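So the structure is just underneath, and the comments pick up after that.
Any read-out appearing in this document is the output of simple, stated calculations on the displayed coordinates, not a laboratory observation. If you're wondering where the values come from, they're calculated on a predicted model, not measured in any experiment. Cβ placement follows ideal geometry from the backbone for every residue including glycine, while neighbour counts extend to all protein chains displayed.
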Amino acid sequence: MNNVTLLGRIGKDAERIGEKGARFSVATSERYKNKDGEWVEGTEWHSVVYWNASDALLPHLSKGQQVAVEGSIHYRKHEDKYYTDIKARRVHLVGGKSAAPQDEPQHKREPVADDDLPF
């Protein structure tokens, strides 16, 4: 069975290929202990091709967007070079873009006095 599930962030805005296709990269991270017992974080980049990308979805496939990709691994050869792609069956928008400082908080909370607590 050739089945892949990725959860990561898009590396750069998706580019349209054909009428309904899109190509984009997804970065996934893994944290593990090395032989010295130190924590190391590694990042892998995956090339994703999605042939069912609707016009409504394409603008959301942008740099920093967190996505879950379900698909399969495919190998191809082009001009004597070999490439590995993830052929996506489904792409889900999972979260927002990567954290960025905000000028204004989403909402402000008023401090609560101890007298107002019911307990």
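Points to keep in mind about this one:
- Among the residues listed as Ile86, Ile10, the single one being touching a residue at least 12 places away in the same chain (Cβ under 8 Å) and touching a Gly at 6+ places or on another chain (Cβ under 6 Å): Ile86
- Residues that are of a type outside the set (Gly, Ala, Ser) and in contact with a His (Cβ under 9 Å, 6 or more places away or on another chain) were ranked within region 8-45; the one that is nearest to Leu58 (Cα to Cα) is Val26.
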